[in-house]
Amino acid sequence: CAQLCLDHVHVGCRSWKYYDVAGRTHCYLQTTPFSVGEGFWGSQAGAVGTWPGWTSGSVAHRLLSFSTVPAQIEPNTPFSLVVHGAGLPHSETGRSMLPARQRVKVVKHGESCSAMVPREVSGIACSRSARKEQDSHMRTQEIVTYTVCTPQPTATTSDNITISNLKLATAEEDGEYAVCYCPGAACQSPASWQRVPGVLGMRRSEYSFTVSPEATSTATVYRRNMHMHPGATQETQNEVKLTVHRPPFSGFTDTNNWEIKLARHHFGCRRLHINSKFDCTPGDDDAETCGLAEAGGNFEQTSPDSVTWTLTLALVHSTEETDTGLYTVCFREAGDHPWREIPPKGGDGRYLEVLPLPEDRQRLAPRGPFHNQRYSALAGATTPITVEGTRLSVPSAARIVLNAHPDGVCGDNSKFSFALGTPAATVDRTPPQLVPERSVPAAGSSTFYHLTMKLAFNEEIHAGTGDFILESTSGNTRIQIPVTHPAVFFTADSVLITPKKFLADPSNEELEADATFFLRTSKYGVLVDASGNQLPQLNTGAAGTEDWTFRTTAEPYEFNAGTAPLPLENGHMSDSGPQILYTEPFDGQENGAANINLHFSEEVILSPHTATSWQEWVLTSCGADQDCSTRYDNLDHMVPIPSNVDVGALGGNAQVPLTGGLVNYGYLRYDVTALVVANQRYLVTFPQGSFRNAQNMLGSEQVQFEFTTGATTGFSADHTFAPSVSQAAGTTYDLALPSDFIAANAGARRFRVCYCDAAADTAGARRNRQWE
């Protein structure tokens, strides 16, 4: 009986009841219920389960077919699509939301229900989404689907669902389309969609169009010709030829009467021709169409079945107005015929697309972050946030700062409030390790014995307790220097040791000449890292990974600042010239001091220079753009200037020569207080050969470093967050906020996020003048 109802569902069977008592059987086929109730009429004695011999049921969800209203649809004319079925979600009382969640979409015939809605279909839109699914080999793949669709049904019953105000445009070829249906549950999943039996058809358009010169396809043009032909003028470079075609012998209308007009795609053919943008009638901006009589010479019959119009484009593209985008090409065979939309010939789509020029995109999209972005972060955790924008710098030097001040304005330091709190301690149980290949002198090399040694480590180090012991392998020299003595200088991940500075009488006490030296520590924990891990007892003379020894020259040497010293005739020579071991400020430092301090590998004397040799020791102001790489753009700024000139007043890449004399203990200080101004970036250059040692050996490499002078007001580096990932469309910052972050900021939970691009700022921007 149930199967009999299913076999007749197309003629209206929706439920059945079956009777079987004492060999007598009856099967009743029924249509839809005529009333809402409990399935019976009468006394409660007839409730469900109290009818002996009777069995009943209804037809579950079935899709039967679809139809359109009107039955014959016309191109670009509104119609309704009705899906017919049985047992579809429906609520007589309206209390259920499931009927309104049903969805219908149209795809090209032969494509899956998760495919994109064709461009010629309007009234239905489905958003693009990406899903991750596993294939038969358990490999995860990302697939693109179009299953989140709109609109909701305009009418629903248990047998029908109706979607209204759909339109279907014609294409160059006959179109066949499939209708898909989702019952309302989990429509975002492709598995929830079913194909409705039947095919929706649309006859092909008799007419189509092409454009020349085309941009990327037969249906695209640039708003202005990018390739000017020989002899082209300012007017002709904006000309585009639009040709309307019909298949040979497919029609007999007179081409002399053909007319076209172009309108924005969302208006369709209801609007008049935009002659001010697509001029087909020179001198008449009010022309409503483009036809033979109005064309005034811009109309050409290229064949019995095609006509070409020459259009002069007057299209703009700016932040205030843009004429690029999609346009409908409308056509009619004569003045008394209706307008119809015609598709592009040999193209995919239905519109003429006007593309912007490459330079338009740059002018239209200014560089910078988007405003009104909102983020959330968690105290006691690291939360990545992305500042989105257009054409952001890559790699990015931009920073962000959080401002908890209730009246805070980015760039106003008087209304700035921020406290980081107590950063969570990192778990680090690995002691620091010596890196011999970065240490100076190089392992196994010879050096003059007025030296400063540099011990490089693999992480930041600090002074512990104990002594450094410098010994010769012969045992004749043993110098023990406390780690807290001024002869020991710490530089982040390195330590500089100057034995001569430690000795009480440098003129009488020297390192042993022509000897091999190594270094060891007096005990465990002479150095510690930032986490307090102690350096194991060190012995660079022992075989192993810490093997680091050097050899001194054969004889002592007395400096003579006035005479260039000569190499020693006998004994060992130094293997290299002097090296700069460390600079203060260090390269890239912000809030740099007004003194430039240099630490050398040995005692040096400054090499002479002249104003024309380009060997000046130079302090360069990096100019308003804060970009030190452009210092050679203007050669007028390459000349030396007197030291009493205010660099900040020059407004460009100004340079001043630095002067100095004999350097004791390998340490040199330049006082540049009078030469620098606040909120400015500077480049310091010491050319190759600027220094020489006692053996007249010149420094082998040019030394350069940049620093930024501090401001009287502004955000410190501790306030800002540096980027972790930079892309043109967004810069990501990892906000590592300690657990007491809210308490440290007086209970504030809402912060203004301020952004500054260090690569695009002007003087003072990085110091709190161009934050936004």
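The values are calculated or read from the model by the stated rules, or taken from the named source; none is laboratory data. All values derive from a computational prediction rather than experimental measurement. Cβ sites come from the backbone with ideal geometry, for glycine too, and all protein chains shown count toward neighbours. The protein model used for the area step is the full one, side chains on, heavy atoms only, and it has no ligands, DNA or RNA in it. Shrake-Rupley method; radii C 1.70, N 1.55, O 1.52, S 1.80 Å.
Descriptive notes on the structure:
- Within the range 370-392, being under 16 Å from residue 720 (Cβ atoms) and within 13 Å of the chain's Cα centre (by Cα) holds for 385, 387.
- Among the candidates 210, 162, the residue that is over 30 Å from residue 64 (Cα atoms) and either in contact with a Gly (Cβ under 6 Å, 6 or more places away or on another chain) or not aliphatic (A, V, I, L, M) (or both) is uniquely 210.
- Filter pass, residue 581 being touching a Lys or Arg at 6+ places or on another chain (Cβ under 8 Å), buried (at least 18 other Cβ atoms within 10 Å of the Cβ) and either modelled with pLDDT of 80 or more or in a strand (DSSP E or B) (or both): yes
- Sole residue being under 16 Å from residue 444 (Cβ atoms) and either part of a loop (DSSP other than H, G, I, E, B) or at pLDDT below 50 (or both), chosen from 554, 543, 564: 543
- Residue, modelled with the highest pLDDT, within the range 373-392, restricted to residues that are crowded, with 18+ Cβ neighbours inside 10 Å and closer than 12 Å to residue 757 by Cβ: 387
- Pair list, Cβ < 8 Å and 6+ apart or interchain, from the range 186-214 residues that are more than 19 Å from residue 329 (Cα to Cα) and aromatic (Phe, Trp, Tyr) to residues that are at pLDDT 90 or above and not in a loop (DSSP other than H, G, I, E, B): 193/105; 193/147; 193/180; 193/181; 193/182
- For the range 393-408, a tally of residues being open to solvent by 80 Å² or more (accessible area, probe 1.4 Å) and over 26 Å from the mean Cα position of the chain (by Cα) returns 2.
- Number of the exception - residue 162 against (1) out of contact with any Pro (no Cβ under 7 Å at 6 or more places or on another chain); (2) surrounded by 13 or more Cβ atoms within 10 Å (Cβ to Cβ); (3) part of a strand (DSSP E or B): (1)
- Some residue of the range 305-317 being touching a strand residue (DSSP E or B) at 6+ places or on another chain (Cβ under 9 Å), farther than 19 Å from residue 221 by Cβ and either at pLDDT 75 or above or in a loop (DSSP other than H, G, I, E, B) (or both): yes
- Entry remark, the range 1-22: residues being open to solvent by less than 70 Å² (accessible area, probe 1.4 Å) and either over 17 Å from residue 64 (Cβ atoms) or touching a Ser or Thr at 6+ places or on another chain (Cβ under 8 Å) (or both) number 10 in total.
- Reported count of residues in the range 327-356, each being under 17 Å from residue 270 (Cα atoms), modelled with pLDDT of 85 or more and either among the acidic types (Asp, Glu) or buried (at least 16 other Cβ atoms within 10 Å of the Cβ) (or both), is 15.
- Output for the range 186-211, where each listed residue is open to solvent by 60 Å² or more (accessible area, probe 1.4 Å) and either more than 30 Å from residue 222 (Cβ to Cβ) or in contact with a helix residue (DSSP H, G or I) (Cβ under 8 Å, 6 or more places away or on another chain) (or both): 188, 191, 194, 195, 197, 199, 203
- Any hit, the range 729-745, residues being part of a loop (DSSP other than H, G, I, E, B) and either on the phi > 0 side of the Ramachandran plot or at pLDDT below 80 (or both): no
- Scanning the range 414-463 for residues that are open to solvent by less than 50 Å² (accessible area, probe 1.4 Å) and at pLDDT below 75 yields a total of 9.
- Filtered by the rule that a residue be surrounded by fewer than 20 Cβ atoms within 10 Å (Cβ to Cβ), among the small types (Gly, Ala, Ser) and not in a loop (DSSP other than H, G, I, E, B), the range 73-92 gives a lone residue, 80.
- All positions within the range 165-185 that are part of a strand (DSSP E or B) and open to solvent by 20 Å² or more (accessible area, probe 1.4 Å): 165, 167, 176
The rows are residues; the columns are (1) at pLDDT 85 or above; (2) in a loop (DSSP other than H, G, I, E, B).
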| residue | (1), (2) |
| --- | --- |
| 708 | no, no |
| 748 | yes, yes |
| 755 | yes, no |
| 761 | no, yes |
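- Candidates are the residues of the range 110-127 that are farther than 19 Å from residue 343 by Cα and touching a residue at least 40 places away in the same chain (Cβ under 8 Å); the one that is nearest to the chain's Cα centre (by Cα) is 114.
- Search result, residues across the range 357-372 that are at pLDDT below 85 and assigned to a strand (DSSP E or B): 368
- The number of residues in the range 396-408 that are part of a loop (DSSP other than H, G, I, E, B), touching a residue at least 12 places away in the same chain (Cβ under 8 Å) and either under 22 Å from residue 743 (Cα atoms) or hydrophobic (A, V, I, L, M, F, W, C) (or both) comes to 5.
- Selected residue (criterion: nearest to residue 192 (Cα to Cα)) from residues of the range 130-154 that are at pLDDT 90 or above and polar (S, T, N, Q): 147
- Scan of the range 128-142 for residues that are open to solvent by less than 70 Å² (accessible area, probe 1.4 Å), without any contact (Cβ under 8 Å) to a residue 24 or more places away in the chain and not charged (D, E, K, R), ordered by number: 130
- Criterion violated by residue 184 - all others in (1) touching a strand residue (DSSP E or B) at 6+ places or on another chain (Cβ under 8 Å); (2) more than 18 Å from residue 90 (Cα to Cα) satisfied: (2)
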